[in-house]
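Let me begin by presenting the structure, written as structure tokens, before commenting on it.
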Amino acid sequence: MAVCSKCEGRKNIILSAEQTGLGIGAEVTCDQCQGTGETGIPGACKTCNDSKTSILPASRSPLGIAMEIDCPDCTAATAA
């Protein structure tokens with residue numbers, strides 16, 4: 001499989017203080033590869049890599065903090 005382009009195979013990413021909404025940065029599991037460091041599941045959801053969850057950045061969150069949510073692309077596909 002290919003190395004994840006977001007975390008570059010490190011399995012984690014660093015969120016800035018603005019992204020967490022907590023005033024401090026945080027290291028979290030990469031939401032693109034789900035902590036595997038690799039991508040390339042044939043036919044996988046491009047947003048969540050078939051994990052069915054996604055990270056909503058603090059800037060878009062009603063609570064002002066980064067939140068894990070149901071993947072909007074997978075949810076839309078199952079609702080249709």
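Read-outs throughout are calculated quantities, based only on the coordinates presented, and are distinct from any laboratory measurement. It should be emphasised that the depicted structure is a prediction, and the values quoted were computed from it without experimental measurement. No Cβ is skipped: glycine too gets one built from the backbone with ideal geometry, and neighbour counts run over all protein chains shown.
Charged neighbours of CYS45, selected by a Cβ distance under 12 Å, balance to -2 (K, R count +1; D, E count -1). Given +1 at the Cβ of Lys and Arg, -1 at the Cβ of Asp and Glu and no other charges, the dipole of the chain around its Cα centre is 60 debye to the nearest 20.
For the chain, the 222 nm mean residue ellipticity estimated from helices alone, with every DSSP H stretch of n ≥ 4 adding -39500 (n - 2.57) and the total spread over all residues, rounds to -3500 deg cm²/dmol. For the pair VAL28 and VAL3, what calculated FRET efficiency results from E = 1/(1 + (r/R0)^6), where r is the Cβ-Cβ distance and R0 = 22 Å, to the nearest 0.05? The formula returns an efficiency of 0.75 here.
Which residues does the label zone of GLU18 cover in the stretch 35-69, counting backbone N under 11 Å from a point 7 Å along Cα→Cβ? It comes to 59, nothing else.
A Cβ-based charge dipole, computed about the Cα centre of the stretch 1-41 with Lys and Arg at +1 and Asp and Glu at -1, lands at about 80 debye.
Across the stretch 11-20, rounded Karplus estimates of 3J(HN,Hα) from the backbone phi angles (6.51 cos²θ - 1.76 cosθ + 1.60, θ = phi - 60°) give 6, 10, 10, 9, 8, 6, 4, 5, 6, 7 Hz, Gly and Pro being marked x.
Taking 0.36 nm per residue of sequence separation and removing the Cα-Cα distance, the GLU38/ILE69 pair yields an extension gain of 9.0 nm. In order along the stretch 54-65, phi translates into HN-Hα couplings of 9, 9, 8, x, 4, 5, 10, 7, x, 8, x, 10 Hz, rounded to whole numbers, per the Karplus curve 6.51 cos²θ - 1.76 cosθ + 1.60 with θ = phi - 60° and x for Gly and Pro.
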